[in-house]
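S.K.: This is the structure, below, for whatever I ask next.
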Amino acid sequence: MVRRMLAWLFVTAASVTAVFAQPPQEPAREQYVPIDQLPPSEQMPSAPLVVAAYSVVWLVAMFYAWTIWRRIGKVEDDMLALARKQKDAGR
Amino acid sequence: MKKAFVPLLIVATLMFAYAPVMIAQAPFESTMFLLQKIMYFHVPSWFAMFAAVAISAIGGIWYIFTNDKRGDQLAVAGAEVAVMFGAMGLTTGPLWAYKAWGVAWQWDAKLTIALLLELTFIAYLLLRKYGGPGSDKLSAGVALFGLANVPFVYYAVQLWRTIHPLNTVVPSLPPGMREPFWFCVFGFLLLMTLLVAMRARLERLRTTLDDLYLADDES
Amino acid sequence: MFLKTVLLVVKKDFAIEVKSYEILSTTLFFAVTCVLIFSFAFVREAEPISKDMVPSGVLWIAVAFAGLLAIGRVFERERYSETMRALLLAPAPRPAIYLGKLVGVVLLLFATEALLVPMIALIFQAPLFRWAVPLSGLLVTGTIGFATVGTLFAAMLVRSRARDVMLPILLYPFTIPVLIGGVWGTAALLGDEPSVPVATMWTGLLAAYDVVFVTLALWTFEPLMTE
C-alpha cells in the first residue's frame, strides 16, 4: 500500500517535471560562463523552480519517514495480536 | 543507536529547519543568482544516495558470505533509502537544469549514472516485492553488481560531452557558500542514517514477526 | 451476454491487479529501460543520429532482445525437467556449472549473430563485412558481457516467482555499458570516416567489463546459489 503510494508519487513527480520541461525557453548553455550582468528578468522565473526543488525534498523526506513509521506500527499491531492470540490459547 | 535515535532526530529536524536561513544568507552566484541555491539540497541528496547505495552493497556482501540476516536487513534499508534520495536528486536536478542549461535532461555521464543507479535500485525493490522465495540472495547480488557497473557506465558515457559541473566545483566553493553547503551535506547524511536505521528496524521487526508466526504454527 | 462476459473478465483482472500492482509496476519499469536502451542506440547529444549509424543500433538491440530470449529459454528448460536442482546437488564445483551454462549461452548467441549480421548488412546495405575483424571483436566481447550477467541472474531466478518478467528488468539496466560500447564501436566502423582505433577502444572497454563481471559472477555464484 505504502510502496504503491510511493511509486505513484515518484511517477507523478517525474511526469510533472517532464511536462513542465517541454518547451525550452532559451538555447542550452554549455558551461556556466560568468556573466556579470544579467537582465533582472532572468532572475525572477527561477524563484518558483527553487521553491519547487526545496518543497519536493521536504515533502519526499517527510512522506517517506511517515511511511516507515506507519509500517512499523502495522507490524507491531500484528505482533500484539499474535501475542494476545497465544495468551488466549494458553488459558 | 536506539538511545541516540531521538536526540539525533531532533538534531536533524533542527538542522533542516535552520538550513533555509543559512542558504538565504549565502552569497548569490554570479551567473545563476537565486537558481544556484538549488545546489544546497541537490548535491547533498546525491551524497546521501551514494552513501545509502554503499550501505546496501556492504549489507549485501555481508549477507551473501555470512548468511547473517542483519546484513540483509541493512541491504534492504539502504536500497529503499537510496531510491528515495535518488528521487530527490532526480527532481531537483531537472528543475535546476531546465533554467540553467535550457533543457531538463541531457545524456551526460553523471546524469546517466544517476538514472541508472536509481533504476538498478528500483529493480532491487521490485525484485524484493515480487520475486518470491530466494530473492533476498539475488537482490544482494543486484546491489553488488549495480555498484560494479558504475565505473563502466561512467567511462562509456564520457564520450558524450559533459555539461554537468565537475566534482572539483565542491572544494572550490567560495567561503559563504561553503558553510551552508557542508551544513546541508551533514544534515542529509544524518537524515539518511536515521532513515536507514528506521527502515532496518522495520525489517528486523518483520523477521521477528515471521519467526513468531512460524513458532505459532508449530505449537 | 457477450458484453457482460467482457466486462466481468476486465473487472476480474483489474481487481487482481489493484491488489498488488505487480504487472503495472514491472511493465512500466521495463518501458523505462526500453527508453534508455533506444536512447543510447539512436540518439547522440540530444540529436537523432545520422542514417548510416542506424544499422549498428538495430544490430545491438536485436542481440539484446535475442540474448534475453535465449537465456530465459535455456533456464526454463532446466526448470521444467528439474535438472538445475540435480546439477546443484552433484558434487561438482559450482563455478564450473556456471561457466558451463555461460559457454552454452554464448555459443548459442554466436550462432544467432552469424545469421543476424549478414541479414542486417543486406537489409540496410551496411558495409559490415568491410571491417570483419574489429566487428567480430566487438560482437564476441559484447556477447560475453551480456551473457555473463544474464546467466548469473537467470540461474538465481530459476527458483523465483515471476522470473520471466524479472529477468529483463534486472538484465537491461546492467548491460547498458555493453550496449553503448557495442553500438558506438560498430557505428565507428560504419560512418563516412570509419575508424578502427575507436572500435578497438570500445572493444577494450567491453573486454574489461567481461573480465570484471565474469570474476564477480564466479566469486558470488557459490554463495548466491546456496539456499
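S.K.: Give the residue from A:Gly90, A:Gly73, A:Leu59 lying farthest towards the positive end of the charge dipole for region A:46-91; charges sit on Cβ (+1 for Lys and Arg, -1 for Asp and Glu) and the dipole is referred to the Cα centre.
M.R.: The listed residue farthest towards the positive side: A:Gly90.
S.K.: Suppose R0 equals 25 Å. What FRET efficiency, 1/(1 + (r/R0)^6) with r the Cβ-Cβ distance, do A:Arg70 and B:Arg178 give to the nearest 0.05? Intermediate values should be presented prior to the final figure.
M.R.: Values: r = 38 Å, r/R0 = 1.52.
For R0 = 25 Å, the calculated efficiency reads 0.05.
S.K.: Taking 51 Å as R0, compute the FRET efficiency from the Cβ-Cβ separation of C:Arg73 and B:Ala4 and round it to 0.05.
M.R.: On the way: r = 53 Å, r/R0 = 1.03.
The formula returns an efficiency of 0.45 here.
S.K.: Show log10 I(q)/I(0) for region A:46-91 at q = 0.19, 0.22, 0.24, 0.29 Å⁻¹, two decimals, from a solvent-free Debye sum over equal Cα scatterers.
M.R.: So the normalised log intensities are -0.68, -0.76, -0.80, -0.92.
S.K.: What accessible area, in Å² to the nearest ten, does a 1.4 Å probe give for B:Arg128?
M.R.: Looks like 50 Å² after rounding.
S.K.: What translational diffusion coefficient, in µm²/s and rounded to a whole number, does the Stokes-Einstein relation yield for region C:47-135 at 20 °C and a viscosity of 1.002 mPa s, taking the hydrodynamic radius as the Kirkwood radius over Cα pairs?
M.R.: Details: Rh = 15.5 Å.
D, rounded to a whole number, is 138 µm²/s.
S.K.: Taking springs between alpha-carbon atoms closer than 10 angstrom, which of C:Leu190, C:Leu24, C:Leu108 fluctuates most in the Gaussian network model of chain C?
M.R.: C:Leu24
S.K.: Next question, about the same structure. For peptide B:191-202, compute the average count of partner chain beta-carbon atoms within 10 Å of each residue's beta-carbon. Working shown, then result.
M.R.: Values: counts 4, 1, 0, 2, 4, 0, 1, 6, 6, 0, 3, 10.
Mean number of neighbouring Cβ atoms from other chains: 3.
S.K.: Suppose every Lys and Arg Cβ carries +1 and every Asp and Glu Cβ carries -1, with no other charges. What dipole size does region C:100-205 come out with about its Cα centre, to the nearest 20 debye? Walk me through the intermediate numbers first.
M.R.: Details: 5 positive and 4 negative charges, 103 e Å.
The dipole magnitude comes to about 500 debye.
S.K.: What distance in nm separates the two pseudo spin-label positions at A:Lys85 and C:Lys12, each 7 Å out from Cα along the beta-carbon direction?
M.R.: 3.0 nm
S.K.: Just read off the accessible area of C:Lys11 with the full protein assembly in place, 1.4 Å probe, to the nearest 10 Å².
M.R.: Around 140 Å² of this residue is reachable by solvent.
S.K.: List the accessible area buried at the contact between C and B, summed over both sides and calculated with a 1.4 Å probe, in Å² to the nearest 100.
M.R.: Summed over both sides, the interface buries about 3800 Å².
S.K.: Charges at C-beta only: +1 for Lys and Arg, -1 for Asp and Glu. How large is the resulting dipole of chain C about its Cα centre, in Debye rounded to 20? Please report the intermediate quantities before stating the final value.
M.R.: On the way: 16 positive and 16 negative charges, 161 e Å.
Taking the Cα centre of chain C as origin, the dipole is about 780 debye.
S.K.: I would also like to ask the following. Taking a 19 Å limit on the Cα-Cα distance, which of the listed pairs B:Lys37/B:Lys99; A:Lys74/C:Lys12; A:Lys87/B:Lys69; B:Lys129/C:Lys19 fall beyond it?
M.R.: Working: B:Lys37/B:Lys99 13 Å; A:Lys74/C:Lys12 28 Å; A:Lys87/B:Lys69 28 Å; B:Lys129/C:Lys19 13 Å.
Among B:Lys37/B:Lys99; A:Lys74/C:Lys12; A:Lys87/B:Lys69; B:Lys129/C:Lys19, the Cα-Cα distance tops 19 Å for A:Lys74/C:Lys12; A:Lys87/B:Lys69.
S.K.: Tell me the relative contact order for chain C as a rounded percent, counting alpha carbon contacts under 8 Å between residues six or more apart. Present the calculation step by step, with values, prior to reporting the outcome.
M.R.: On the way: 210 pairs, mean separation 60.8, N = 227.
It rounds to 27 percent for chain C.
S.K.: Shifting gears a bit: Work out the charge dipole of region C:2-225 with +1 on the Cβ of Lys and Arg and -1 on the Cβ of Asp and Glu about the Cα centre, then indicate which of C:Gly72, C:Thr203, C:Trp219 is farthest towards its positive end.
M.R.: C:Gly72
S.K.: What average count of beta carbons from other chains do you get within 10 Å of the Cβ of residues in C:184-197? Numbers along the way, then the final one.
M.R.: On the way: counts 3, 0, 0, 0, 0, 0, 0, 0, 0, 0, 0, 0, 0, 0.
Rounded to a whole number, the mean comes out at 0.
S.K.: Ignore the peptide's own chain and count Cβ atoms of other chains within 10 Å of each Cβ in A:76-89; give me the average, rounded. It would help to have the intermediate numbers written out before the result.
M.R.: Numbers: counts 3, 0, 5, 6, 0, 0, 5, 2, 0, 1, 4, 0, 0, 2.
So the per-residue partner count for this stretch is 2.
S.K.: Now for a separate question. Ordering B:Tyr98, B:Tyr155 from largest to smallest accessible area (1.4 angstrom probe), what's the sequence? All intermediate terms of the calculation are to be shown ahead of the outcome.
M.R.: Values: B:Tyr98 45, B:Tyr155 120 Å².
The ranking, largest first, comes out as B:Tyr155, B:Tyr98.
S.K.: Could you please put B:Leu116, B:Leu147, B:Leu14 in sequence from largest to smallest accessible area, using a 1.4 Å probe? Intermediate values should be presented prior to the final figure.
M.R.: Values: B:Leu116 10, B:Leu147 75, B:Leu14 115 Å².
Of B:Leu116, B:Leu147, B:Leu14, the descending order of accessible area is B:Leu14, B:Leu147, B:Leu116.
S.K.: Output wanted: per-residue J couplings in Hz (rounded whole) for region C:160-168, from phi through Karplus 6.51 cos²θ - 1.76 cosθ + 1.60, θ = phi - 60°, x for Gly and Pro.
M.R.: 8, 6, 6, 5, 5, 8, 6, 4, x
S.K.: Another question, if that's okay. How large are Rg and Dmax for region C:2-225 when calculated on the C-alpha trace, in angstrom?
M.R.: 19.9, 65
S.K.: Go through A:Phe63, B:Phe152 and list them by solvent-accessible area, largest first, probe radius 1.4 Å. Present the calculation step by step, with values, prior to reporting the outcome.
M.R.: On the way: A:Phe63 45, B:Phe152 20 Å².
Of A:Phe63, B:Phe152, the descending order of accessible area is A:Phe63, B:Phe152.
S.K.: Going by average Cβ neighbours within 10 Å, how do the peptides C:125-133, C:210-218 rank, with the highest at the top? Write out the running numbers ahead of the final one.
M.R.: Details: C:125-133: 13.9, C:210-218: 18.4.
Order by mean packing, descending: C:210-218, C:125-133.
S.K.: Turning to a different aspect of this structure: Probe radius 1.4 Å, ligands and nucleic acids ignored: give me the carbon and sulfur share of the accessible area of chain C as a rounded percent. Working shown, then result.
M.R.: On the way: 8040 of 11000 Å².
Ligands and nucleic acids excluded, carbon and sulfur reach 73 percent.
S.K.: Excluding ligands and nucleic acids, what accessible area in Å² is computed for C:Met201 using a 1.4 Å probe, to the nearest 10?
M.R.: The accessible area comes out at roughly 80 Å².
S.K.: Would you mind getting the accessible area per residue of region C:2-225, heavy atoms of the protein chains only, 1.4 Å probe, in Å²?
M.R.: On the way: 10590 Å² over 224 residues.
Heavy-atom accessible area per residue stands at 47 Å².
S.K.: To the nearest 20 debye, what is the magnitude of the charge dipole of region A:46-91 about its Cα centre, counting +1 on the Cβ of each Lys and Arg and -1 on the Cβ of each Asp and Glu?
M.R.: Details: 7 positive and 4 negative charges, 53 e Å.
The dipole magnitude comes to about 260 debye.
S.K.: HN-Hα J couplings of region B:69-79 from phi, Karplus 6.51/-1.76/1.60, θ = phi - 60°, integer Hz, Gly and Pro as x?
M.R.: So the Karplus estimates, Gly and Pro as x, are 4, 5, x, 5, 4, 5, 5, 4, 4, x, 5 Hz.
The values are calculated or read from the model by the stated rules, or taken from the named source; none is laboratory data. Just so it is clear, the structure is predicted and the values come from calculations on it, not from any experiment. Every residue, glycine as well, gets a Cβ built from its backbone with ideal geometry; the counts of neighbours run over all protein chains shown. Only protein heavy atoms, including side chains, enter the accessible area calculation; ligands, DNA and RNA are left aside. Shrake-Rupley method; radii C 1.70, N 1.55, O 1.52, S 1.80 Å.
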